[in-house]
Amino acid sequence: MNDVEYLPDKAFENCERLGIVNLGGAMQDVGVLPFYDCTNLVSVACGNGTYVANNGILYENLSDGSKKIVECFASRGGAVGTSTVDTDSDPDLATVREIANNAFDNCDDIRFVDFTDADNISTIPEGCFKNCDNLRSVELPTTVSSVEKEAFSNMDTDVEIVARNKTLFL
């Protein structure tokens, strides 16, 4: 995919046998949830610095030096990475400023998310943790002031949401 500049939304949706992808140097836009429900994806190589994938999370490098979480792979906690998302296992979280809508949608093997050290995040976007059937706990940084609709919807279990020093309206 060295000459591919963009991917359509959900380009590889449900490609259960997809394990490794090389985005190539020309990639400028991966669309929305490019690897949605790719349950065996373990590696995405990003050739030009626009994107970086580490430990089952695809980030976009923003012009101010911060990052945006584009997508957490459905394989996170199973085929790649651990079931905990935090700055110990994911140091890139410390520079995250933005999270895409539905970024963690259908990540069934994630159990714990700790964003407390991601103190540039102000919003948990729409559908962020939708369909995360085994998610147990999410800790939010004090900078979060908004949790958008259906951010925590369609789950099989109750989820503890810890918002330190804040009153959030869900």
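What about residue 62, is it under 14 Å from residue 139 (Cα atoms), open to solvent by less than 50 Å² (accessible area, probe 1.4 Å) and of a type outside the set (S, T, N, Q)? It is false that residue 62 is under 14 Å from residue 139 (Cα atoms), open to solvent by less than 50 Å² (accessible area, probe 1.4 Å) and of a type outside the set (S, T, N, Q).
Out of curiosity, is residue 6 open to solvent by 70 Å² or more (accessible area, probe 1.4 Å) and either hydroxyl-bearing (Ser, Thr, Tyr) or closer than 22 Å to residue 97 by Cα (or both)? Spelling it out, residue 6 is indeed open to solvent by 70 Å² or more (accessible area, probe 1.4 Å) and either hydroxyl-bearing (Ser, Thr, Tyr) or closer than 22 Å to residue 97 by Cα (or both).
In the condition set (1) in a loop (DSSP other than H, G, I, E, B); (2) buried (at least 17 other Cβ atoms within 10 Å of the Cβ); (3) not β-branched (Val, Ile, Thr), residue 49 is compliant with all but (2). Taking residue 41 as the residue in question, decide whether it is assigned to a loop (DSSP other than H, G, I, E, B) and under 23 Å from residue 112 (Cβ atoms). Yes; evaluated as a whole, the condition is true for this residue. Those strands (runs of 3 or more DSSP E) of segment 67-170 in which at least 2 residues are under 19 Å from residue 53 (Cβ atoms) and open to solvent by 40 Å² or more (accessible area, probe 1.4 Å), considering only elements entirely within it, cover 96-99.
The values are calculated or read from the model by the stated rules, or taken from the named source; none is laboratory data. As the structure is a prediction and not an experimental result, all values here were calculated from the model. Cβ coordinates were reconstructed from backbone atoms using ideal geometry, including for glycine residues, and neighbour counts include every protein chain displayed. Heads up: the accessible areas ignore ligands, DNA and RNA and are worked out on the full protein's heavy atoms, side chains in. Shrake-Rupley method; radii C 1.70, N 1.55, O 1.52, S 1.80 Å.
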